[in-house]
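Comments concern the structure below.
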Amino acid sequence: MGASMPKQYLPLRGQPIAMYSLQMFAGMPEVGELVVVCDPSYRDLFQEYYDALPRRPPLLFALPGAERQDSVFNGLQVARSSAALVAVHDTARPLVTPEDAAKCMLDGQKVGAAVLGVPVKPTIKEVDARGRVVRTLNRSNLWEVQTPQVIRPQLLQQGFELVRQQKLAVTDDVSIIETMGKPVQITAGSYTNIKVTTPDDMSVAEGFLDERDAAELQKKRAAAVAAAAS
């Protein structure tokens with residue numbers, strides 16, 4: 001976004017984007033540990049916001065790698081071995097809800113691997129190297145994947161071993177599981193769970209937060225009226 005720092009640390013309504021995810025996951029009773037993969041220069045920032053949280057699962061840090069899959073691998077090595085699931089989340093997605101994350105965790109527990117996603121809305125066309133349209137893809141079968149991506153840690157570890165042996169490059173975490181021929185469940189998420197990568201995305205995220213705050217205020221007012229009536 002033309003900024004001098006990584007996008008996940010830019011302020012969104014006065015708070016670094018990444019801290020929204022930290023706060024959300026820390027507040028979930030399903031989460032027993034937080035592993036933050038970041039440059040060491042940003043650890044104090046995470047620690048500052050973590051210390052102010054009402055619920056504080058153990059917080060651990062891992063070093064980032066050259067590629068996304070390397071960063072996830074490093075985080076997995078730090079996570080406790082007794083964890084039933086690992087939920088990998090992109091902190092540039094500040095608007096994921098605990099309800100959607102919990103649904104994805106439940107699917108991950110049942111199937112072994114799950115990822116939040118939404119049905120694709122626009123028409124998608126496959127093109128060749130010359131930019132010529134090859135075909136129009138069946139939109140009803142296409143989903144845009146999001147995060148978190150929830151995987152059993154033993155399964156993810158096996159996947160990493162296969163990826164390293166075959167020197168594969170994968171673009172997301174559940175692709176590692178797909179490479180093994182194992183099932184991955186798509187959990188229906190929300191279109192508001194956007195990835196903030198451009199200034200326009202920042203404006204959209206602010207709008208979604210305003211809508212969320214307005215809905216929450218309306219709920220509180222309705223509850224107050226109901227309490228007064230009773």
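The values are calculated or read from the model by the stated rules, or taken from the named source; none is laboratory data. What you see is a predicted model; the values in this text were computed from it and never measured. Cβ coordinates were reconstructed from backbone atoms using ideal geometry, including for glycine residues, and neighbour counts include every protein chain displayed.
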- Matching residues, the stretch 187-212, being touching a residue at least 12 places away in the same chain (Cβ under 8 Å), of a type in the set (Val, Ile, Thr) and surrounded by 14 or more Cβ atoms within 10 Å (Cβ to Cβ): Thr187, Thr192, Ile194, Val196
- Task: May I ask you to verify whether Glu67 is at pLDDT below 95, within 17 Å of the chain's Cα centre (by Cα) and surrounded by fewer than 18 Cβ atoms within 10 Å (Cβ to Cβ)?
- Result: yes
- Those residues of the stretch 167-186 which are assigned to a helix (DSSP H, G or I), without any contact (Cβ under 8 Å) to a residue 12 or more places away in the chain and surrounded by fewer than 18 Cβ atoms within 10 Å (Cβ to Cβ), in sequence order: Glu178
- Just name the residue that is nearest to Pro94 (Cα to Cα) out of those in the stretch 172-203 that are of a type in the set (A, V, I, L, M) and more than 13 Å from the chain's Cα centre (by Cα). Met202
